[in-house]
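Engineer: Quick one: the structure is below, questions incoming.
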Amino acid sequence: MADRRLQVFHAVAKHLSFTRAADALFMTQPAVTFQIRQLEEQYATRLFERRHAGISLTPAGEIVLEYAARILDLSDEMEIRLGELTGDMRGPLLVGASTTIAEFMLPRVLGEFNALYPQVRARLIVANSEVIEGRVSERSLDVGLIEALAKNGALDSQVCCEDELVVICAPDYPLAEAGGPLCAVDLVDYEFISREPGSGTREMTDAYFEAQGVASSQLKTQMELGSPEALKGVVATGLGFAIVSRAVVEKECRLGELCAFSLNPPLKRNLYLVHPKERFQSRLVTTFMDFAHRKLKELNA
């Protein structure tokens, strides 16, 4: 296994932040600072310049970063290949998923994967698409499932299934009387409950309204919320409408708690599996990606 101090250094160098590196590594900030101090003492040189505005790499730090990336990649590859000699599928699997996918699609996928491979220890990290993409690119996650095509050129994006976004509101909200499907211009007179910036759903809805000639300033945005569950809870009170994945509201629509209407034209998106392009992929990661790809297509058929 590679020196833990190199792993910590690599995270700090990529984030240029002790705090963000600590979050990504699930460590405390003092523990991260201690590991960096030890590495600097070992090589008798400063690796970071500390300023009020943040930190930057010193020339020595640039050299260490170059070698640390190569050492960590080789260490991962060695451990994976040695582990595969046993023929067993085992070990940690770090999966990141955007909120919608994590809450409403992935639990069944992970459950069935664990039933097939009980020696695998899957860990799920939930955040919006932008955060998950960042963590996959910095290699603190093996694979990510997100709601928009990855913007980082170092990542490979594979379409895993199609998802439809629909308008939801309470049954007694005035918009419910209009029925569906609904055009973008039909929505400007009603209160809008939106997802937060960085969300794949927010990115898709913003682009949809713009393509339909509706400026963001025309929408009566009441609040921005960080999860589909929060959106559903607020919409159920009758405060306004929201746009969410159809998979999110199947149960509530069945129970008559919410109404869902398609948009005209329909708003559909692809969901993506993302992973680093150049990184060696273990048999565990490739097996999970193939499994998740197949199961998500089945669930959304």
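The values are calculated or read from the model by the stated rules, or taken from the named source; none is laboratory data. Predicted model, so just to flag it, every value in this text is computed and none were measured. Here Cβ is always computed from backbone atoms with ideal geometry, including for glycine, and neighbour counts include all displayed protein chains.
Engineer: Listed residues Lys220, Lys277, Lys232; which is buried (at least 20 other Cβ atoms within 10 Å of the Cβ), touching a residue at least 24 places away in the same chain (Cβ under 8 Å) and among the charged types (D, E, K, R)?
Structural biologist: Answer to the check: Lys232.
Engineer: Given the structure, is Ala31 without any contact (Cβ under 8 Å) to a residue 24 or more places away in the chain and not polar (S, T, N, Q)?
Structural biologist: Judged against the criteria, Ala31 is a match.
Engineer: Residues that are of a type in the set (S, T, N, Q) and either closer than 19 Å to Arg20 by Cα or touching a helix residue (DSSP H, G or I) at 6+ places or on another chain (Cβ under 6 Å) (or both): list the helices (runs of 4 or more DSSP H) wholly contained in the stretch 52-138 that include at least 1 such residues.
Structural biologist: 99-104, 129-137
Engineer: Being small (Gly, Ala, Ser) and modelled with pLDDT of 90 or more is the filter here, so list the residues in the stretch 49-76 that pass it.
Structural biologist: Hits for the stretch 49-76 are Ser56, Ala60, Gly61.
Engineer: Taking Phe113, is it surrounded by 15 or more Cβ atoms within 10 Å (Cβ to Cβ), more than 30 Å from Glu162 (Cβ to Cβ) and in contact (Cβ under 8 Å) with a residue 24 or more places away in the chain?
Structural biologist: no
Engineer: Anything in the stretch 93-104 that is surrounded by fewer than 24 Cβ atoms within 10 Å (Cβ to Cβ) and modelled with pLDDT under 85? List them, or say none.
Structural biologist: Glu103, Phe104
Engineer: Now for a different question. Can you tell me which of Gln212, Gln218, Gln222 is in contact with a Gly (Cβ under 7 Å, 6 or more places away or on another chain), of a type outside the set (Gly, Ala, Ser) and on the phi < 0 side of the Ramachandran plot?
Structural biologist: Residue meeting the stated conditions: Gln222.
Engineer: Is it the case, given these coordinates, that Val188 is within 27 Å of Ala170 (Cβ to Cβ), surrounded by fewer than 18 Cβ atoms within 10 Å (Cβ to Cβ) and either aliphatic (A, V, I, L, M) or not assigned by TED's automatic domain parsing to the domain that holds Ile168 (or both)?
Structural biologist: So Val188 fits the description; yes.
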